[in-house]
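Below you'll find the structure, written out as structure tokens, and then a few comments.
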Amino acid sequence: MNIIYTVCNRINLAHALALADSVLLHQPDHTFYLCWVDTTPLELPAHIKLLTIEQANIPEWKRMEANYFNFELLTACRPWFALKLLQLHENCESLVFLAPTVWLIKPFQDVVNPDSDMHLTPNIRKPLSPSKLLDDKRILNIGMFHSGSWILKPGEKTGRMLNWWAERTIDRAAFDLCNGKNMDQLWLNYTLVWIPKTTQIAHAGWHYGLHSVLNNDLQIKNGAYLVEGQPLLSLDFAGLDYYDPVWSDHAALLSHNNAFQSLYTNYKSILSKYKKTLPAYTDNGYGKIPDIKKNRILRNNIAARLKSFTAFIDQF
């Protein structure tokens, strides 16, 4: 049995449904689980299995729910859902996590190394091209590997790593870069220590997103999408359609690649279909609600310019 799962709440439910349909189209041999961190009951299509946060039985759930913002809570639950899925399905041969903002374009068997116990997605595979929007230091701050996609082969070593990771998301999965925390993601840096047989996925067409724009050129040739000459397999639109604490500040990178921008326009039109089917919500769901203003990026840009101007004055 092969499982693909995602973790979502009401904010990114439409995205998770779009992902599920892309899995059905391109990886029909995989069972898809939608792991639900919200208070509203769901009715899902037959090809989507539901696993709720209550069913996950996280031992410190009440503490996590009280301390984390809703977007932090989602990422903190990812390894816990992995553990629960492996407990429910002892015959699982492969467990794949994909963030709800991921969208499959083609089957991804070409990235899988059958001899590996773990597959990770590097944020970058070479020094970043110069840019005012994103630099190597910021990648180091958020972690070497993108937590939006990984593949795990169940076993003793991967099980120990999952337990270790999950324990740390109880109280160390906040978005607090100044204090060395970046939700679930920084813990993936230790995977190579826990699991020697780890593959760092090098396929340029795997998990193309804002982290890829500066170094990997996405083009349309003869009607096919290619990244550095390799077929596009999957996209991640994190940071573009709703607030993402890591990637939303880099949304301007979208305009650096016309093909990526075109795909995102198409993706938004697909999302609109799913958004019409979403349930009505009567409460705020789980986790603290952050105060995210719609003009947040504009405000940040103005503040940065004012800071630069005052720094210039201070020099003289």
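The values are calculated or read from the model by the stated rules, or taken from the named source; none is laboratory data. Predicted model, so just to flag it, every value in this text is computed and none were measured. Using ideal geometry, Cβ is built from the backbone for each residue, glycine included, and neighbour counts are taken over all protein chains shown.
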Next on the checklist: Criterion first (at pLDDT 95 or above and either among the small types (Gly, Ala, Ser) or under 30 Å from residue 202 (Cα atoms) (or both)) does residue 73 satisfy it?
Outcome noted: yes
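Pick from 54, 90, 43: which is in a loop (DSSP other than H, G, I, E, B) and closer than 24 Å to residue 277 by Cβ?
Within the list 54, 90, 43, the selection yields 43.
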Checklist entry - Would a scan of the stretch 44-60 turn up a residue that is β-branched (Val, Ile, Thr) and within 14 Å of residue 10 (Cα to Cα)? => result yes
Checklist entry - What tally of residues in the stretch 107-132 results from selecting those that are touching a Phe, Trp or Tyr at 6+ places or on another chain (Cβ under 9 Å) and not in a strand (DSSP E or B)? => result 4
Checklist entry - Considering 275, 268, which residue is basic (Lys, Arg), closer than 30 Å to residue 174 by Cα and at pLDDT 95 or above? => result 268
Checklist entry - Can you find a residue in the stretch 144-165 that is farther than 22 Å from residue 2 by Cα and among the polar types (S, T, N, Q)? => result no
Checklist entry - Considering the stretch 37-75 alone, what residues qualify as being farther than 19 Å from residue 174 by Cα, polar (S, T, N, Q) and in contact with a strand residue (DSSP E or B) (Cβ under 6 Å, 6 or more places away or on another chain)? => result 52
Next on the checklist: Scan the stretch 278-300 and tell me whether some residue there is small (Gly, Ala, Ser), closer than 27 Å to residue 73 by Cβ, in a helix (DSSP H, G or I) and modelled with pLDDT under 95.
Outcome noted: no
Checklist outcome for this item: When the stretch 9-33 is checked residue by residue, the ones that are assigned to a strand (DSSP E or B) and crowded, with 22+ Cβ neighbours inside 10 Å are 32, 33
Checklist entry - Considering 48, 11, 4, which residue is on the phi < 0 side of the Ramachandran plot and more than 16 Å from the chain's Cα centre (by Cα)? => result 48
